[in-house]
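The values are calculated or read from the model by the stated rules, or taken from the named source; none is laboratory data. Here the structure is a predicted model, which is why all the values come from computation and not from measurement. Positions of Cβ are generated from backbone atoms using ideal geometry, with glycine treated the same way; all protein chains shown enter the neighbour counts.
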Amino acid sequence: MKKINKYLGLGLLAGLFVMTSCEEDYINHKPANLKPMISNAGPTSFNLAEGEAATIDIAISSPIALTGFVIFRPTSGNAALSDYQIGNGSKIDYSDGTDTYHTGGPEGYVMEIPPYSETLSIPIEAIFDILPEGNETVTFEMQPYNNRELLVENGGAVTYTLNITNSISDDLDITMSWDGTFTDADGEEHDLCDIDFDMELYDSSFTVIGTAYTGCPENFYIPAGALPDGDYYLLAQFYAMYGATFQSAMNFPVELTVTKVGQVQEVIDLSTMWNSTIGGYDEGNPDWFKMYVLNISGTTYTLTDADTSEILFQGKVANFLQNFKPKTK
């Protein structure tokens, strides 16, 4: 009988411990009528050019010792989540399956409210990109996150509007990209960033003035006026596969994108230029690079195919190619 009582007593103690532990997890959560209220304390409309930032200012009615959360959810407009950022950038984006905070709701940005906060300025930024595009707008709401620690005024939502003005410049951006994946001979999937493509830029004397060897994508960003007027030689290169194997032969989806920032963009398709069968320079492919002539005249940029155009510089390009060897990487 003593043994029975002994184990029964332990069971009761264990049950009490479990109940106490569960209760401690939630003991600090207040009922809804006692939860602090978040109210807006600044502008609700923002006009920002790409690259500019402002703050969403809020006030908390009674500070608490726990971390709270709010979520900013877009309700209308043509700006995507990638066009702006709120807070530290923690976002739920159902277009790519991301739901970091497991809210199970529409896309948006989640922001932490630190313990003991009475006021908070939350950064909002219009993201600068090089794309030629029109002005954009988005309307979004600040709502409670999971309604556990904090409430939001106006019945649970404060509405904000962000108007984004497209930023333009006379800078030139040249990007070489090869997005995608491949399956190796063992059936394992790899990122195409394992395959090495590069860019080099030469002046009219065939002296290298820029290299892009380590990125994926590779990029040259040339501020307006950074280079004197004249002709330059841009080489898009397939350097090496570094022993990668392929379950099926494939053409590499290489694109060269040339952009006058915010104004004009041209995408050059090089997907038929290189493949996994022949490889690149390191595999002995004689056609491992493609050359372009870049002419700069003030803020006007002209890119010409050195292989097919019948222009004055064709002969000089041919003489250069005859003795061209890659730089040591």
Looking at segment 193-202, is at least one residue among the hydrophobic types (A, V, I, L, M, F, W, C), buried (at least 19 other Cβ atoms within 10 Å of the Cβ) and touching an Asp or Glu at 6+ places or on another chain (Cβ under 9 Å)?
yes
On the given criteria, is Thr139 farther than 30 Å from Thr257 by Cα, at pLDDT 95 or above and more than 18 Å from the chain's Cα centre (by Cα)?
yes
Residues in segment 126-150 that are farther than 23 Å from Thr67 by Cβ and not polar (S, T, N, Q): how many?
11
Kindly indicate whether Ile86 is at pLDDT 95 or above, among the aliphatic types (A, V, I, L, M), surrounded by 19 or more Cβ atoms within 10 Å (Cβ to Cβ) and out of contact with any Pro (no Cβ under 6 Å at 6 or more places or on another chain).
yes
Among (1) within 30 Å of Leu162 (Cα to Cα); (2) at pLDDT below 95 - the single one Asp57 does not satisfy:
(2)
Criterion first (part of a strand (DSSP E or B), in contact with a helix residue (DSSP H, G or I) (Cβ under 6 Å, 6 or more places away or on another chain) and on the phi < 0 side of the Ramachandran plot) does Tyr239 satisfy it?
yes
I'd like the full set of residues that are out of contact with any Ser or Thr (no Cβ under 6 Å at 6 or more places or on another chain) and aliphatic (A, V, I, L, M), limited to segment 257-282.
Val258, Val264, Ile268, Leu270, Met273, Ile278
With (1) under 20 Å from Phe220 (Cα atoms); (2) in contact with an Asp or Glu (Cβ under 8 Å, 6 or more places away or on another chain) as the list, and Thr245 as the residue in question, which single condition is left unmet?
(1)
Looking at (1) touching a strand residue (DSSP E or B) at 6+ places or on another chain (Cβ under 7 Å); (2) over 29 Å from Glu133 (Cα atoms); (3) not assigned by TED's automatic domain parsing to the domain that holds Gly77, find the lone condition where Leu234 falls short.
(2)
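Quick test for you: out of Thr181, Thr207, Thr214, Thr245, pick the one residue that is at pLDDT 95 or above and touching a strand residue (DSSP E or B) at 6+ places or on another chain (Cβ under 7 Å).
The unique qualifying residue is Thr181.
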Is at least one residue of segment 267-279 at pLDDT below 95 and either aliphatic (A, V, I, L, M) or not assigned by TED's automatic domain parsing to the domain that holds Phe197 (or both)?
yes
